[in-house]
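Reading through the structure tokens given below for one structure.
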Amino acid sequence: MQKIAVMTSGGDAPGMNAAVRAVTRTAIYHGVEVVGIRRGFTGLMSGEFVDMTLGSVADTIQRGGTILYTARCEPFKTPEGQQQGFQVLQEAGIDGLVVVGGDGSFRGAQALSKLGVKTIGLPGTIDNDIACCDATIGFDTAVNTAIEAIDKIRDTATSHERTYVVEVMGRNAGDIALHVGLAGGAESILVPERPFSMDDVIRKLERGVARGKKHSIILVAEGAGRGMDIGKYLAEHTGFEVRVTVLGHIQRGGAPSAKDRVLASQLGAYAVELLLNGESGKMATIYQGALTSVDFDTVFSTKREPDMSLYDLAETLAI
Ligand code: F6P
């Protein structure tokens, strides 16, 4: 393998730069040329390459966002778009590609692999919604960012004796809500993976008040419902003073946690080793505690769920 490319794709996630750095430096260490592709598959289709050197990734391990920029690319979901991307790679003499992104990005990576470019995916998304993966790059930082916000919300919730509904990201997955809800001491956690009733949420709020609680936090995963709707319902059906906070894209920014930097560094270096060993069509991952690789097909067909024991534990502790 003479020349590889690296790109970040889909929603950005803290730790993507650490992954790009690890890919770049490991490749150079092995004498392989590296180029970065800007703006994910959109940039691939238009050939937005940038030469990567040891220096181009200096001072990036601690930076949030992605120095390569990122995009969600609809045209690359079509066979024509994929063929165009393949040709661009061929013309640039690129034999291997590392894609850092989520499930959608892996589908693009798999298409390129089937067309003949050796391709490895790295799980990079705050949502933690990828199967066969203990944690995605960016998840830990997003949870820590959200917890910091919840702690601040708790201060004002206590002062005003209010009920707060806090909506977190996660797309269709409840992982962020579960971890933040448990770590933030929420009264109720609403996630798409577990049906809930508003009567039950209200019952828990009233139970808290009955034992002298002056404030409450309800954590809502965006996939379970809109914080605004839930807040409105609670205000209309209880006598409590309710406020709603939607944390939004703040959860995607900021310096990656040490855990995300370590994970991204391990996976980035391993992705290059997989390519050098002739592997393709796989995700590099830490799964059940082991550094390993899993076929994209297996990743796509494996049903995943967050650790629902956290949900049960949070319920017990919120009694
Ligand atoms: O996948 C990451 C994520 O932040 C999701 O949690 C959220 O649903 C989505 O991206 C938001 O996308 P956008 O940045 O395009 O609004």
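The values are calculated or read from the model by the stated rules, or taken from the named source; none is laboratory data. Source: prediction; values computed, not measured. With ideal geometry, Cβ positions are generated from the backbone for all residues, glycine too; neighbour counts draw on all protein chains shown.
Worth a mention:
- Looking only at the range 87-109, and only at residues there that are in contact with a Gly (Cβ under 6 Å, 6 or more places away or on another chain) and not in a strand (DSSP E or B), the one that is nearest to ILE130 (Cα to Cα): GLY102
- Some residue of the range 224-234 being modelled with pLDDT of 95 or more, farther than 23 Å from ALA146 by Cα and outside any helix (DSSP H, G or I): no
- Test: residue in the range 46-59 that is within 16 Å of the ligand (Cβ to nearest atom) and either at pLDDT 95 or above or under 23 Å from ASN277 (Cα atoms) (or both): no
A quick yes/no check of all residues on (1) within 16 Å of the ligand (Cβ to nearest atom); (2) crowded, with 23+ Cβ neighbours inside 10 Å; (3) not aromatic (Phe, Trp, Tyr):
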{"residue": "LYS3", "(1), (2), (3)": "no, no, yes"}
{"residue": "ASP12", "(1), (2), (3)": "yes, yes, yes"}
{"residue": "ALA18", "(1), (2), (3)": "no, yes, yes"}
{"residue": "ARG21", "(1), (2), (3)": "no, yes, yes"}
{"residue": "THR26", "(1), (2), (3)": "no, no, yes"}
{"residue": "VAL32", "(1), (2), (3)": "no, no, yes"}
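- Boolean, VAL244 is crowded, with 19+ Cβ neighbours inside 10 Å and in the same structural domain as GLU161 (by TED's automatic domain parsing): yes
- Helices (runs of 4 or more DSSP H) contained entirely in the range 117-215, each with at least 2 residues that are under 17 Å from the mean Cα position of the chain (by Cα): 139-160, 175-183
To keep it simple, each residue is scored yes or no on (1) small (Gly, Ala, Ser); (2) touching a residue at least 60 places away in the same chain (Cβ under 8 Å).
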residue: ILE176; (1), (2): no, yes
residue: VAL180; (1), (2): no, no
residue: GLY184; (1), (2): yes, no
residue: GLU187; (1), (2): no, yes
residue: ARG194; (1), (2): no, yes
residue: MET198; (1), (2): no, no
residue: ARG203; (1), (2): no, no
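- Where a residue in the range 129-155 is without any contact (Cβ under 8 Å) to a residue 40 or more places away in the chain and its partner, wherever it lies, is in a helix (DSSP H, G or I) and of a type in the set (A, V, I, L, M), with Cβ under 6 Å and at least six apart: ILE147/VAL180; ILE147/ALA183
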